[in-house]
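The values are calculated or read from the model by the stated rules, or taken from the named source; none is laboratory data. Fair warning: this is a prediction, and the values are worked out from it, not measured in the lab. Here the Cβ positions follow ideal geometry from the backbone for every residue, glycine too, while neighbour counts run over all protein chains shown.
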Amino acid sequence: MSTNSNVRVRFAPSPTGALHIGGVRTALFNWLFARHQNGKFILRIEDTDQTRSTDESIRIIVDGMKWLGLDWDEGPFRQTERMDTYREHVERLVKAGKAYHCYCTPEELEMRRKKALADGRPPKYDRKCRSLTAPVPGRTPAVRFLSSDEGQTIVRDLIRGAVTFENQQLDDLIIQRSDGFPTYNFAVVVDDVTMKISHVIRGDDHLNNTPRQIQLYQALGYEPPQFAHLPMILGSDKTKLSKRHGATAVTEYIDLGYLPEALINYLARLGWSHGDQEIFSPAELIGSFALGNVGKAPSVFNAEKLLWLNHHYIQQANPDRLAGLVLELLKKDGVVSEGKEPDREWFKGLVKILIERSHTLVEMKNAAVPFIAGEVVLDEKAKAKHLTADVLPLLSELVARLKLVEPFVHAELEKVFNALVAEKGIKLGKLAQPVRVALTGGTVSPGIFEVIEVMGKEKTLQRIEAAIKQI
RNA sequence: GUCCCCAUCGUCUAGCCCGGCCCAGGACACCGCCCUUUCACGGCGAUAACGCGGGUUCAAAUCCCGCUGGGGACGCCA
């Protein structure tokens, strides 16, 4: 494994909404690359679009990154704080005759673009303002980069190999808007240079932007960084993953009861692999990560595999940590109120018996409710099926015997049940199911002896007696 | 319309660069069986893929070409 402390990578989201799964994957690969190479990981907020950027969104990004454990070494930097740097660079290009003012309005451009498309021509800027010698009165110009029609630009991508673009295909892109803000393609170049970014690792959807950016590096007299374009994440219909495919925001996964390590592990294996290994701790991920093992083909997001991983990590998790997380969810639902928390050790015991059948924290929370709530609501179907008149004497007998059990623990409870079942010549299920319904309200729960032990003598007797009355 | 990219089980993927060990391996999901006080967990097993057509070669999932299919980009968004 080689290390190179000159490696500097960045994650550069635009703060225009949620922290998206696709963004997280990009951030993750950058982070893994930086950590593996002993380099720096920088967080940069691309907020030059004043109309869409919000502080709220920056907060969501920062919180999401923290939740995921993707820590950064520098930043978060905001592009809007670097306006002087962009202006200087624009000036330089204009002075050098490599950029020019464009007085066409967005509306005019839009019309011409539509016409070109309708005529079957490429919707390229027609370079109308290239030959202008004087300003157009009453209009504030944007600044365009003067691109060449000659030759080709080759992107040497660490994942794709060499990708060749005919310069003829590229048009005179706007580098500074009439409002004075730089556009994306220009700001990235200036930022990546001035922040000494060594490797630009980003989504595939930027591959087409790369030749333009390379030309800007050249015009500015800078050495371009190395590029690596990650394959996209697609939805089940194989189009770019978006909201309509289901949960795509990190916050949604938090709310759904996912653990960050599950999301990290899942996303890492989407487009990257290390032999047949499926389960990776963050440390293993950092140790094994290499751009060479990143695939080229886009991959479909599969929520079921993520769920499986979440189940796996819940099994692995420290019960005390889970207890804390589940408790928070119970508070959020109003099942537990602040200051009236259950005994922590007891609650941890409860969590332990719920772990095995929980795929999410939310499932665990829901399963915990009957143990916490003062009263249990009996599911009608379950009641009709299991709390019937013929089990009445059985339950009464059980109550009488349970009163004598001491200590009230799994092994002792099992003895009582087994004895009663043997005497009556019935199967354990015949007794266990009615009790389960009486205690939890439904037909699904952990093993009946675990349930009874955790629920405790008082609550157990109370609930069975309440059920008897309802029959 | 133009440009760019991609192509192994339903899905994520190994193998491909350096052809033979691959009538293709692992994982998720699905199905079956076992375990069992419910539901799960777990265990065991099964079904399932090299898009198509040409080459090159003694030999191709692996190399080359074409086709088809899919994706992405063409903004005073990023």
Is it fair to say A:Asn318 is under 30 Å from A:Ser273 (Cβ atoms), surrounded by fewer than 18 Cβ atoms within 10 Å (Cβ to Cβ), more than 10 Å from RNA strand B (Cβ to nearest atom) and modelled with pLDDT of 95 or more? yes
Count of segment A:379-422 residues which are basic (Lys, Arg), more than 24 Å from A:Val369 (Cα to Cα) and part of a helix (DSSP H, G or I): 2
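Could you please find all residues in segment A:255-289 being of a type outside the set (A, V, I, L, M), surrounded by fewer than 16 Cβ atoms within 10 Å (Cβ to Cβ) and not in a helix (DSSP H, G or I)? Spell out how you get there, then give the answer.
Step one: list which residues in segment A:255-289 are of a type outside the set (A, V, I, L, M), which gives A:255, A:257-258, A:260-261, A:265-266, A:269, A:271-278, A:280-282, A:284, A:287-289.
Now drop any that are not surrounded by fewer than 16 Cβ atoms within 10 Å (Cβ to Cβ), which leaves A:255, A:273, A:275-278, A:281, A:284, A:287.
Scanning segment A:255-289 gives A:Ser273, A:Gly275, A:Asp276, A:Gln277, A:Glu278, A:Ser281.
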Look through A:Phe165, A:Phe186, A:Phe145, A:Phe181 and report the one residue that is closer than 24 Å to A:Val90 by Cβ, surrounded by 16 or more Cβ atoms within 10 Å (Cβ to Cβ) and more than 34 Å from the chain's Cα centre (by Cα). A:Phe145
Scanning segment A:309-334 residue by residue, the ones that are outside any loop (DSSP other than H, G, I, E, B) and in contact (Cβ under 8 Å) with a residue 24 or more places away in the chain total 15
Within segment A:46-72, of all residues that are among the hydroxyl-bearing types (Ser, Thr, Tyr) and without any contact (Cβ under 8 Å) to a residue 40 or more places away in the chain, the one farthest from A:Leu263 (Cα to Cα) is A:Thr51
Of the conditions (1) out of contact with any helix residue (DSSP H, G or I) (no Cβ under 7 Å at 6 or more places or on another chain); (2) at pLDDT 90 or above, the single one that A:Ala99 does not satisfy is (1)
Mind listing just one residue for me: the one in segment A:374-390 that is over 44 Å from the mean Cα position of the chain (by Cα) and either of a type in the set (Lys, Arg) or under 12 Å from A:Lys469 (Cα atoms) (or both) and, of those, surrounded by the most Cβ atoms within 10 Å (Cβ to Cβ)? A:Leu387
Only one of (1) assigned to a helix (DSSP H, G or I); (2) buried (at least 22 other Cβ atoms within 10 Å of the Cβ); (3) in contact with a strand residue (DSSP E or B) (Cβ under 7 Å, 6 or more places away or on another chain) is not met by A:Val94, so which one is it? (2)
Might you let me know whether segment A:68-77 holds any residue that is closer than 28 Å to A:Asp172 by Cα and within 15 Å of RNA strand B (Cβ to nearest atom)? no
Apart from one, (1) over 22 Å from A:Phe186 (Cα atoms); (2) more than 42 Å from the chain's Cα centre (by Cα); (3) within 11 Å of RNA strand B (Cβ to nearest atom) all hold for A:Leu117; the odd one out is (2)
The residue that is farthest from A:Ala323 (Cα to Cα), considering only those in segment A:348-404 that are within 13 Å of RNA strand B (Cβ to nearest atom) and in contact with a Gly (Cβ under 6 Å, 6 or more places away or on another chain), is A:Ala382
Filter segment A:236-252 for residues that are at pLDDT 90 or above and touching a Ser or Thr at 6+ places or on another chain (Cβ under 7 Å); which is nearest to RNA strand B (Cβ to nearest atom)? A:Leu241
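Could you identify the single residue in A:Gly246, A:Gly221, A:Gly203 that is under 30 Å from A:Gln316 (Cα atoms) and of a type outside the set (S, T, N, Q)?
Step by step, each of A:Gly246, A:Gly221, A:Gly203 is checked, and only A:Gly246 is under 30 Å from A:Gln316 (Cα atoms) and of a type outside the set (S, T, N, Q).
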What number goes with the only condition from (1) under 15 Å from A:Pro393 (Cα atoms); (2) surrounded by 14 or more Cβ atoms within 10 Å (Cβ to Cβ) that A:Met455 does not pass? (1)
Tell me whether segment A:62-72 contains one or more residues that are under 40 Å from the mean Cα position of the chain (by Cα) and on the phi > 0 side of the Ramachandran plot. yes
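Results for (1) in a loop (DSSP other than H, G, I, E, B); (2) more than 9 Å from RNA strand B (Cβ to nearest atom); (3) hydroxyl-bearing (Ser, Thr, Tyr), shown as yes or no for each residue.
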{"position": "A:Arg144", "(1), (2), (3)": "no, no, no"}
{"position": "A:Val155", "(1), (2), (3)": "no, no, no"}
{"position": "A:Ile159", "(1), (2), (3)": "yes, no, no"}
{"position": "A:Asp171", "(1), (2), (3)": "yes, no, no"}
{"position": "A:Val189", "(1), (2), (3)": "no, yes, no"}
{"position": "A:Val200", "(1), (2), (3)": "no, yes, no"}
{"position": "A:His206", "(1), (2), (3)": "no, no, no"}
Identify all residues within segment A:293-305 that are within 8 Å of RNA strand B (Cβ to nearest atom) and assigned to a helix (DSSP H, G or I); write none if there are none. A:Asn293, A:Glu304, A:Lys305
In the set A:Arg52, A:Arg87, A:Arg44, which member is at pLDDT below 95 and within 16 Å of RNA strand B (Cβ to nearest atom)? A:Arg52
Could you look through segment A:11-28, keep only residues that are under 13 Å from the mean Cα position of the chain (by Cα) and β-branched (Val, Ile, Thr), and pick out the one that is farthest from A:Ala249 (Cα to Cα)? A:Thr26
